[in-house]
Amino acid sequence: MRPNVGDATSPVKNPKFVDPNKLFNRVNNLYDSGRLQEAVGEPGANDLLEHTNNNLVRNKQILRNQNAAKAVGRP
């Protein structure tokens, strides 16, 4: 939430969700074009790309575990 827009309870009422696949693809495209390095520098670009990749991998693990847990309860 940007400053001076809404109040502290606004994000709770209207949560934002980020698709990890789309985020990673967009960050990767920015990195490939060199615009990400321009914006945040080479170390920052590498860190952001690494964090988005780790988030993508973790999200896939979570989804896999959720699907396995759902299958356990089925007859």
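How much length is gained on full extension from residue 55 to residue 69, taking 0.36 nm per residue of separation minus their Cα-Cα distance?
Contour length minus Cα-Cα distance gives 3.0 nm.
Starting from the Cα-Cα distance between residue 17 and residue 62, subtract it from 0.36 nm times their residue separation and give me the gain in nm to one decimal.
Length difference between fully extended and current span is 14.6 nm.
For the peptides 50-58, 62-70, what is the packing order when you average, over each peptide's residues, the other Cβ atoms within 10 Å and list the highest mean first?
50-58, 62-70
Only Lys, Arg, Asp and Glu count, each charged at its Cβ (+1, +1, -1, -1), so figure out the dipole size of segment 16-75 about its Cα centre, rounded to 20 debye. Write down the numbers at each step before the final one.
Numbers: 9 positive and 6 negative charges, 127 e Å.
Computed charge dipole of segment 16-75: roughly 620 debye.
Read-outs: derived from the displayed coordinates by stated rules, not from any lab. The shown structure was predicted, so the numbers you read here are calculated from the model rather than taken from an experiment. Glycine gets a Cβ as well: all are built from the backbone with ideal geometry, and neighbour counts include every protein chain shown.
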